[in-house]
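Some notes on the structure that comes next.
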């Protein structure tokens, strides 16, 4: 089973569940007079947008390199993930604005007891969906799928304050304002996640390299090879969830070209084996100074 198929399969399951959940929560929230549950339904509905984007985008970012794109198409995944972040951002702003301007209004009526079922169903199902989606995201090394998984978890976590707000309002009708507070907390969850997704993937689009700590780990791996005399000018860049490296490797100047090539291939293979995100290493051989 290839990565493309696995990504599509779990995303289709997520799409179906999100449509079902958003419909259930909207009906429960509307009939039960809960603005927080309706906001939670909107959050689940925004998940369907990200599912559709991934289903559309996976076809392109998994395409093999071609003459116009010799390094592949992985940056499309970063671009798709940023779109997911923007959808989250605008969803959070809309939910928060609606809750704030209605925080002193109580015209929706008294909350109904069955309203509490909405967030409970959401917490259970979205947490299960998060775990399965993130598991596939790790397996396929897909940043978009992992971002979408955290979108699912945010939906589950954001349902917790909704549950608390609805339960408190049912116990004491004077606490009805907590329903809007719950919606505002949902918005904060969404905004925080959206900004993290946008900023992290923007770094990938502008070829941000690995951290100093990660570079030092690469040095350590290379130094363990007995025939390597030195290493410098290590440069890294991210393409989607993948990493490219180029470096200058120093070896004994009396070695044959064949032996030097073998050493460079060994270094390349061990780096790829130690970090599954590394997909290519370009090595320039130099005689030891």
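A short reminder: the numbers here are calculations on the coordinates, not readings from a lab. These numbers were taken from a predicted model, which means no experiment stands behind them. All Cβ positions, glycine included, derive from the backbone under ideal geometry; neighbour counts span all protein chains shown.
If both residues of a DSSP beta bridge must be in the chain, then about 45% of such bridges are antiparallel.
Largest first, the extents of the alpha carbon coordinates of the chain on the three principal axes equal 86, 33, 29 Å. Length available on full extension from residue 59 to residue 3: 0.36 nm per residue minus the Cα-Cα distance, which gives 19.1 nm. In the range 212-287, inverting the average of 1/r over every pair of distinct C-alpha atoms gives 12.6 Å as the Kirkwood radius. In this calculation the C-beta distance from residue 284 to residue 112 is compared with R0 = 51 Å, giving a FRET efficiency of 0.15. Taking other C-beta atoms within 10 angstrom as a stand-in for reagent exposure, 5, 244 fall in the order 5, 244, fewest first.
Using C-alpha pairs under 8 Å with a sequence gap of at least 6, the mean separation divided by the residue count of the chain gives a relative contact order of 19 percent. For the chain, adding -39500 (n - 2.57) for each run of n ≥ 4 DSSP H residues and dividing by the number of residues yields -24000 deg cm²/dmol at 222 nm.
Helix 35-61 and the longest principal axis of the C-alpha atoms of the chain enclose an angle of approximately 30°. For 259, 126, 174, 75, the sequence from fewest to most other C-beta atoms within 10 Å is 174, 259, 75, 126. Compared with the dominant principal axis of the Cα atoms in the chain, helix 257-274 is inclined by about 20°. The C-alpha atoms of the chain define a longest principal axis, and helix 3-32 lies at about 20 degrees to it.
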